[in-house]
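Worksheet for the structure shown next.
The values are calculated or read from the model by the stated rules, or taken from the named source; none is laboratory data. Fair warning: this is a prediction, and the values are worked out from it, not measured in the lab. Here Cβ is always computed from backbone atoms with ideal geometry, including for glycine, and neighbour counts include all displayed protein chains.
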Amino acid sequence: MRCAAALALAFLSTQLCFAADLPSSAQPPSSETQSPDKRSVDVMCGGFFGAVCPPLGGDRYRFGKLDVWGFLDMPIYATGTRQAPNGVYFDPLFALGGSFNIGLLTDKKLYVFADTNVWMQRPGAGITNPSQGNLDFSKREFDFNAGVAWNYLGSLEVRVSAYALNNLNRGLSLASPVGFKDGVLIENRFYFGTADKYDVGRLNFVSLGYYPTKSMVGGNGEDFHPGLFARAYVTYDLPFLNSYLYADAKYTAERAVKPRLVEVDTGLALRPFDQFKNLELRLGSDLTTDLQDKVTRDLIYGAVRLGY
């Protein structure tokens, strides 16, 4: 799984390099049908592919016209604790994450995706350097879920992906990273509503899926084998500041159907600036309950999100 994490980091660096090299004047071909706010961009050689491509600054190979969309975000946590993959809970300070998507076919018919999150732990005794004070933090956890999605019929989409929850430190060893969870999941989604299909934050869906393998962590810190899961993400537009309410609920069973985890992320999202239409501010609560262990954790957060 260390190799999987390294590949995920390489994938993310590739996307950032691609974004830095996109021509500002890129426009979609007139023959393609796309959302009015979506651009088709020329993806240049760079990042992870630099080893097999000419140096940047000279002639560059093009991978063709590809749709690229998603968001970057940074939630800051006011209160609450999180269960780390090694079963040890911690107080998160903030996180850096995002959703990266690259279309292999036009109109989101087939695309690859990677959802990532890096958690930072709040400073404290035995965790960070006391001389740094309250402004210090510790890198705590790196999570990713990467795979492929296929829009096979109308509003129906099937997704197959691999996930990993990686503990970066403070495991059984005080010096070395210890503990991770990983596995594979299959998900079938049904999208509904009138939102732009490339606007991840406003795109409503319900889904049903299954974890063929392998492990997750429960509220008491012990491993369990996940099974069936169901998820719903819904939004409701408000009549001020281009804002909306959102709710993201997920139910995960243990070994097929035994009730286990429920996570509900709810809040308010605003896009108040006309000159920065892709900038979004969020205020929310992320509540996780283990139905078997009777353990509940609630994270209160404010977040800044930038869509693209």
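Numerical summary
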{"read-out": "Verdict on Y163 being among the aromatic types (F, W, Y), surrounded by 15 or more Cβ atoms within 10 Å (Cβ to Cβ), at pLDDT 90 or above and closer than 22 Å to A95 by Cα", "value": "yes"}
{"read-out": "Filter result (part of a loop (DSSP other than H, G, I, E, B) and under 28 Å from P226 (Cβ atoms)) within region 194-212", "value": "L203"}
{"read-out": "Given (1) under 19 Å from the mean Cα position of the chain (by Cα); (2) buried (at least 18 other Cβ atoms within 10 Å of the Cβ); (3) within 27 Å of W69 (Cβ to Cβ); (4) free of Cβ contacts under 8 Å to residues at least 60 places away in the same chain, index of the condition T266 fails", "value": "(2)"}
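This table checks each residue for (1) of a type in the set (F, W, Y); (2) at positive phi; (3) touching a residue at least 12 places away in the same chain (Cβ under 8 Å).
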| position | (1), (2), (3) |
| --- | --- |
| N151 | no, no, yes |
| G154 | no, yes, no |
| V160 | no, no, yes |
| Y163 | yes, no, yes |
| N220 | no, no, yes |
| L228 | no, no, yes |
| L241 | no, yes, yes |
